[in-house]
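J.: Can you keep this structure in mind? I'll have questions shortly.
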Amino acid sequence: MLKRILFLIMLLLPILACSLAAPQNEVNNQVRQAVYQYERGTRGYAQVLVVRFERSEPRIRFSGQYEENNGRTFWVENFGEWEYFRTRPPTETYLYIGEINYSSPITAVVYVYRGGGEAEQVNQEWELTLTKPITDTWQVTQEVKIE
């Protein structure tokens with residue numbers, strides 16, 4: 001009897017873990033999509049999109065991304081950013097969407113970096129604050145340039 005209970009628990013744990021993590025992954029991707037659309041509209045095209053994510057998160061296709069840069073997107077985990085930035089061509093422009101920090105269920109802060117290409121594009125960094133109003137669409141509501 002005890003073996004059967006343990007077996008059922010072992011069987012249910014992965015199912016519960018996946019079902020609990022899935023809603024947050026969806027929210028994370030909604031926030032990333034809003035950041036990407038904002039950056040495209042505000043600062044324009046980048047040859048490469050670099051996105052920080054957790055291993056358990058599904059990767060999405062950003063609308064407009066393929067048309068602009070032929071699908072050149074790098075998904076990097078935790079400390080994997082250094083490998084991309086260490087080996088990337090210096091003339092290639094990039095947009096890096098960093099870690100998402102939530103201060104409430106409807107407010108998120110994301111750091112974005114732009115670089116490469118021309119000298120004025122190197123080392124630009126912004127802190128973007130996003131909110132999710134009643135329309136259920138994340139929107140950038142504040143931008144602070146980091147010097």
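J.: When you scan the range 81-100, how many residues do you find that are without any contact (Cβ under 8 Å) to a residue 60 or more places away in the chain, within 17 Å of the chain's Cα centre (by Cα) and closer than 11 Å to Val50 by Cα? Even if it seems obvious, please write down each step before you answer.
T.: Step one: list which residues in the range 81-100 are without any contact (Cβ under 8 Å) to a residue 60 or more places away in the chain, which gives 81-96, 98-99.
Now drop any that are not within 17 Å of the chain's Cα centre (by Cα), which leaves 81-82, 84-85, 94-96, 98-99.
Subsequent filtering for residues that are closer than 11 Å to Val50 by Cα retains 81, 84-85, 94-96, 98.
Residues flagged as without any contact (Cβ under 8 Å) to a residue 60 or more places away in the chain, within 17 Å of the chain's Cα centre (by Cα) and closer than 11 Å to Val50 by Cα within the range 81-100 amount to 7.
J.: Looking at (1) without any contact (Cβ under 8 Å) to a residue 24 or more places away in the chain; (2) surrounded by 18 or more Cβ atoms within 10 Å (Cβ to Cβ), can you tell me which one Thr129 breaks?
T.: (2)
J.: Considering the range 40-50 alone, what residues qualify as being surrounded by fewer than 21 Cβ atoms within 10 Å (Cβ to Cβ) and within 16 Å of Gly116 (Cβ to Cβ)?
T.: Here is the first cut: in the range 40-50, the ones surrounded by fewer than 21 Cβ atoms within 10 Å (Cβ to Cβ) are 40-45, 47-48.
Hits for the range 40-50 are Arg43, Gly44, Tyr45, Gln47, Val48.
J.: Continuing with this model, one more query. Within the range 79-137, which residues are part of a loop (DSSP other than H, G, I, E, B) and small (Gly, Ala, Ser)? Lay out the reasoning, then the answer.
T.: Pass one, the range 79-137, residues part of a loop (DSSP other than H, G, I, E, B): 79-80, 88-93, 105-106, 116-118, 122-123, 132-137.
Passing the criteria: Gly80, Gly116, Gly117.
J.: On to the next question. List, please: which pairs have Cβ atoms under 6 Å, are six or more places apart or on different chains, and start with a residue in the range 30-58 that is at positive phi and end with one that is of a type outside the set (S, T, N, Q)?
T.: none
No value in this document is a laboratory result; all are computed from the given coordinates. Bear in mind the structure is a predicted one, so any value in this text is a computation, not a measurement. Here Cβ is always computed from backbone atoms with ideal geometry, including for glycine, and neighbour counts include all displayed protein chains.
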